[in-house]
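Notes follow the structure.
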Amino acid sequence: MDFSDSSEIAEFRSGLRTWLVDHTITPEAEESEAMFLKRWHQVLFRGGWVGLSWPTEYGGKGLSNAYDVVLNEEIGASGAPDAPRIGYMGRAFLQWGTEEQRERFLPGLLSGDDYWCQGFSEPNAGSDLANLSTRAVKDGDRYRITGQKVWTSYAEYADYCILLARTGEPGGRHKGVSAFVVPMKSAGIDVRPIVAATGESEFCEMFFEDVEVAEENRIGAEGDGWAIAMMTVAYERGAADVGYLSKFGAALGELRTLVSSDGHVPPLARQRLGELEVRFRVLTEHVRRRLTEREQNDSLPGPEMSVDKILMTDVDQTLHRAALELLGPSVLTTGPGSRWLEKYIYSRAASIYGGSEQVQLNIIAQRLLGMPR
Amino acid sequence: MTATLHESEEDVALRRTVADIAERCRSTRAAEVDDHTSCWGALVRSGLTELRGADDDGAPLATVGQVVIVVEEMARAVCGAPLVGTLLATELQRLADVDHVVPDEALTVLLDQELRGLAADDALAWDAGVPVTHAVGLDGENLVVRALEGATGSQDLSRPVAVPAGDAELVGGTLDADARTAFEAFAHVVLAADLLGASGAVLESAIEYAGQRVQFGQPIGTFQAVQHLCARAHVQVEAQRSAVLFAAWSLDSGQGDVVPAIVAKAYGASAAVEVVEKAVQVFGGVAITWEFPAHRHLRRVLLDAEVLGNGSALSGHLFDVVEGRSDGLQ
């Protein structure tokens, strides 16, 4: 049994801890959340802290993925902004992409110079993603793409989109789905931000009207899209792969400070915070185990990541619900911009996006536990 | 069934040896007779009761990681051989730098009446099934041993408790604060492994049962309501496993970090009970019968959860540790 810890990792950890003290940034006035996170991503990259487990030839550090957990832990403990959510985006290029695509797209993704979004969900293809109907029609050395996507995070700021579209027969379910890199400045794309219940607009609708995409922008062969999507969402379900460990760690630390600010922690709050600490640490330990397994088996993430998604969502929602109770009604009686209320509302999306909780439970029951269909 | 961390060949062999003993326990046990003397004999012959005995340098013979394997496998059968009590008593003696304080007898530990910690007076011996005759406890920093009256049974049918008969005798060993913390960390991990085994095994059989039990003309395992119940419970088992493995690794790595041990026990104390409750629900009415083993798992995890601090107590304790207030506020 080995959780791949070592003196090198300890050294990395202390170096990062020191670096964070001097380099953490705060949002400028009027700066959007997306642009702030992009700027933070770039600062982290220049410091050498992004793409730790990515190959060196594309701008990564070629380290074991245990370093991703350390990055998450230290960012969370320092209260710095979230670790970049790129761990899942672009993994498809390593598995299915051409060498030319990797060299063209990965460095900008890792450095944070290019912003990427993910065009998977559609109005009639949410939990039932295989129902997607956006079409990509071959036309010489290019494709013409027409259709509608929804819930696309930060599409209005994105430079590129990884898009799923149907190249096969309509209604072909998992078959005939292909994946493309679509430059967001292409003609025929209309992006409309959705104002979320939090008051922020992260999610967008995207409309594609006869959008031309070069054949060389297809990832893998025609029909590889479903496998690419499944691998991508499996990564997206890992709390270190999406940087969420850092987010929870920072939130928990801040909550602890707020509750104990007057030096007195009521017994009930003490126990509640302790329980949240237990849940958060179990999630962290579970992620370390997963990443170690991935390393030991030299394997890609699969259906077991649905277990991780459930654990991650539980921590997210339990933590942010508890925060409302611990902080009291002032969170609700202040005017617009109540950050803890926004965080709470956003946490309710956690069991909906990236495959709903019910889809995750289906995957666990049928694919991990082998229960009958 | 599920990916897990690689185990060394030695550990795989160890797990197989223990699984065989547990399987014999399961298959030979008559419904109402809790006679585990043959299980105990098999554990002794394989050297498994002495895993935390000291080598010539005072170091334990086996790692916490190995102990966890043994405890988990035996807990899967809810075996009543007093393995866990013995392991804790051995660890306690090793940490106090004494050895076999009552030669040739099986020992367990003395806890206060609330089971919250080691004690000497007004104490009871936990996991005191045959052939345990004595128990070690703590009087201040001093290790004591007491002879036991016959076991009196407990709601965990496989693990009777016993009351001390004789006076507490000093045995020459002492446990300072650090050693006491180390003992508690070891005990938390062992109990977390026991919770993992007892809950994980009953869930697996409930899932198997759901694939066979037919209602409305089809196996109940095809119903999403049943699938989601099982899937939720599986998540709790996997999280317990992660916490146990990490805690064992933390103790073995010698960095002295006891937090993962507290986390593993605090989480397991609530998660394991919920997992067994869900398994009971899947089994339906049969799980509420005396002859069906589900209630044995339930009784086991309920009592495990209380030993050396339940989930609530340990969560509060963890908050103090994280906040650096562990000396004082309780």
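Every read-out reported here was derived from the displayed coordinates using simple, explicitly stated rules and does not represent laboratory data. All figures in this text were calculated on a predicted structure; none of them were measured in a lab. Cβ placement follows ideal geometry from the backbone for every residue including glycine, while neighbour counts extend to all protein chains displayed.
In chain A, how many lysine pairs have Cα atoms under 24 Å apart, counting only pairs 8 or more places apart or on different chains?
15
In a GNM of chain A with a 10 Å cut-off on Cα contacts, which of A:D82, A:D210, A:D316 has the highest mean-square fluctuation?
Residue with maximal mean-square fluctuation among A:D82, A:D210, A:D316: A:D210.
Take every Cα pair under 8 Å in chain A that's 6+ residues apart, average their separations, divide by the length, and report that relative contact order as a whole percent. Provide the component values of the computation, followed by the final result.
On the way: 620 pairs, mean separation 60.1, N = 373.
Rounded, it is 16 percent for chain A.
Within the range A:130-190, report the chymotrypsin sites (Phe, Trp or Tyr not before Pro) that DSSP leaves as loop and that have at most 10 other Cβ atoms within 10 Å. Write down the numbers at each step before the final one.
Details: sites: A:Y143, A:W151, A:Y154, A:Y157, A:Y160, A:F180; in loops: A:Y154.
Qualifying residues, ordered by number: none.
Does the range A:1-125 come out rounded, prolate or oblate by the C-alpha gyration tensor, with a ≥ b ≥ c the root eigenvalues, rounded set by a/c under 1.5 and, if not, prolate when a/b is larger than b/c and oblate if not?
Details: a/c = 1.74, a/b = 1.15, b/c = 1.51.
Verdict is oblate for the range A:1-125.
On C-alpha positions alone, give me the angle between the axis of helix B:311-323 and the longest principal axis of chain B, in degrees, nearest 10.
Roughly 60 degrees between the two axes.
Of the options A:Q95, A:T18, A:A80, report the single residue whose Cα projects farthest towards the positive end of the charge dipole of the range A:7-111 (beta-carbon charges: Lys, Arg +1; Asp, Glu -1).
Checking the options against the dipole of the range A:7-111, the answer is A:Q95.
Can you tell me the orientation of helix B:177-210 relative to chain B, as the angle in degrees between its alpha-carbon axis and the longest Cα principal axis, to the nearest 10?
On a 0 to 90 degree scale, this one is about 20.
With only Lys, Arg, Asp and Glu charged, each at its Cβ (+1 for the first two, -1 for the last two), find how big the charge dipole of the range A:230-368 is about the Cα centre; round to the nearest 20 debye.
Numbers: 17 positive and 17 negative charges, 36 e Å.
It works out to roughly 180 debye.
Take A:Y244, A:Y346 and order them by how many other Cβ atoms sit within 10 Å, fewest up front.
A:Y346, A:Y244
So, with +1 on the Cβ of K and R and -1 on the Cβ of D and E, and no other charges, what is the size of the charge dipole of the range A:13-143 about its Cα centre, to the nearest 20 debye? List each step's numbers first, then the result.
On the way: 13 positive and 19 negative charges, 58 e Å.
In debye, rounded to 20, the range A:13-143 gives about 280.
Given the DSSP H assignment, sum -39500 (n - 2.57) over each helix run of at least 4 residues in chain A and divide by its residue total; what's the result at 222 nm in deg cm²/dmol, nearest 500? Walk me through the numbers on the way to the answer.
Numbers: 12 runs with 167 residues, N = 373.
Helix contribution divided over all residues of chain A: -14500 deg cm²/dmol.
Roughly how many debye, to the nearest 20, is the charge dipole of the range B:158-224 about its Cα centre, given +1 on each Lys and Arg Cβ, -1 on each Asp and Glu Cβ, and no other charges? Numbers along the way, then the final one.
Numbers: 3 positive and 8 negative charges, 92 e Å.
The calculated dipole for the range B:158-224 is roughly 440 debye.
May I ask you to list, by number, the DSSP H helices of chain A whose Cα span along the axis is at least 27 Å and whose average Kyte-Doolittle hydropathy reaches 0.0 or more?
Numbers: long enough: A:267-297 (45 Å, -1.11); A:305-327 (33 Å, 0.35).
Passing helices, by number: A:305-327.
To the nearest whole number, what is the average tally of beta carbon atoms from other chains within 10 Å of the beta carbons of peptide A:354-365? Don't skip to the end; give the middle numbers.
Numbers: counts 0, 0, 0, 3, 3, 0, 3, 9, 4, 1, 10, 13.
For peptide A:354-365, the averaged partner shielding equals 4.
For a quick check: sort A:K185, A:K61 by the number of other beta carbons within 10 angstrom, fewest at the front. Provide the component values of the computation, followed by the final result.
Values: A:K185 9, A:K61 16.
Lowest count first: A:K185, A:K61.
How do A:F93, B:F283 rank when sorted from fewest to most other Cβ atoms within 10 Å of their own Cβ? Working shown, then result.
Details: A:F93 23, B:F283 20.
Least crowded to most crowded, the residues run B:F283, A:F93.
Once the Cα atoms of helix B:83-95 and of chain B are each reduced to a long axis, what angle between those two axes, in degrees from 0 to 90 to the nearest 10, is obtained?
Here the helix axis deviates by roughly 30 degrees.
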